[in-house]
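K.L.:
Supplied in structure tokens, the structure appears directly below.
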Amino acid sequence: MVAISSRLTLAEYLAYVDGTDTRYELVQGELVAMAQPTGIHGGICEFINDTFRSEIQRLELPLISKQELIAVQTTYINSKITCRIPDVMVITLEQWAGIKFSEAVLKETIPLLVVEVVSDSSRSIDYRKKRVEYNAIEIPEYWIIDFSDRKVSVLILKNDLYEEVIYKDQDRIQSQLFPELVLTPQEIFAI
């Protein structure tokens, strides 16, 4: 990830166009170019998004799962805004209706679940920075999928802090949002 120096407001970030296909997150008011994901990264994101969509449809839940489309404002400190774009995000249909015809940024509401797939360039960001940011805005469930270490960390918000459970191999991943979900890391990493 490469930072482009110039403090931007949220409005400037949302209107920013540089004539390329580069996607940016806004980190403390600075544009940070997101690295082009590897094929396995994209495949895992697609698999998780499809899995969540199937579970939503099966249970007829008033939710929607989106892949790399929606940003969430995580901090606003001294006029320095941070907006992250999770790899997969689950929100309510009401939240989706609120951003469907505008910039897809959650500013006043939070997602129910976010997923980040770890890349070599994002390892400390996904495990440390985003964990702190997502905890601070109280996202109830945060998954970190780590292909290199072959593990899935599921963080559930309890008493204002994340409690982490690590799943490997054929462990059945336990989700607070999708308690009936039948999914293992082995299935995720077999794609």
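K.L.:
With the condition kept exactly as written, say whether any residue in the range 61-80 is more than 17 Å from the chain's Cα centre (by Cα), farther than 19 Å from residue 106 by Cβ, part of a loop (DSSP other than H, G, I, E, B) and in contact (Cβ under 8 Å) with a residue 12 or more places away in the chain.
P.N.:
yes
K.L.:
Consider residue 67 carefully, then state whether it is surrounded by 13 or more Cβ atoms within 10 Å (Cβ to Cβ) and under 20 Å from residue 89 (Cα atoms).
P.N.:
For residue 67, the condition - surrounded by 13 or more Cβ atoms within 10 Å (Cβ to Cβ) and under 20 Å from residue 89 (Cα atoms) - is met.
K.L.:
Within the range 145-161, how many residues turn out to be open to solvent by 20 Å² or more (accessible area, probe 1.4 Å) and assigned to a strand (DSSP E or B)?
P.N.:
Summing the residues that are open to solvent by 20 Å² or more (accessible area, probe 1.4 Å) and assigned to a strand (DSSP E or B) in the range 145-161 gives 5.
K.L.:
Contact list please: Cβ distance under 8 Å, first residue in the range 108-131 and open to solvent by less than 70 Å² (accessible area, probe 1.4 Å), second residue among the basic types (Lys, Arg), pairs at least six apart or on different chains.
P.N.:
Taking only residues 6 or more apart or on different chains, the pairs are 116/130; 130/84.
K.L.:
Also: If residue 142 satisfies every condition in (1) closer than 20 Å to residue 167 by Cα; (2) part of a helix (DSSP H, G or I); (3) in contact (Cβ under 8 Å) with a residue 24 or more places away in the chain; (4) not charged (D, E, K, R) but one, which is the exception?
P.N.:
Result: residue 142 fails condition (2) only.
K.L.:
Just to verify a result, which residue in the range 174-191, among those that are in a loop (DSSP other than H, G, I, E, B) and touching a residue at least 24 places away in the same chain (Cβ under 8 Å), is farthest from residue 60 (Cα to Cα)?
P.N.:
Among them, the one singled out is 191.
K.L.:
Which count do you get for residues in the range 169-179 that are open to solvent by 90 Å² or more (accessible area, probe 1.4 Å), in contact with a helix residue (DSSP H, G or I) (Cβ under 7 Å, 6 or more places away or on another chain) and on the phi < 0 side of the Ramachandran plot?
P.N.:
The qualifying residues number 1.
The values are calculated or read from the model by the stated rules, or taken from the named source; none is laboratory data. All values reported here derive from a predicted model rather than from experimental measurement. Note that we place each Cβ from the backbone using ideal geometry, even for glycine, and neighbour counts take in every protein chain shown. SASA here: full protein model, heavy atoms, side chains in, ligands and nucleic acids out. Shrake-Rupley method; radii C 1.70, N 1.55, O 1.52, S 1.80 Å.
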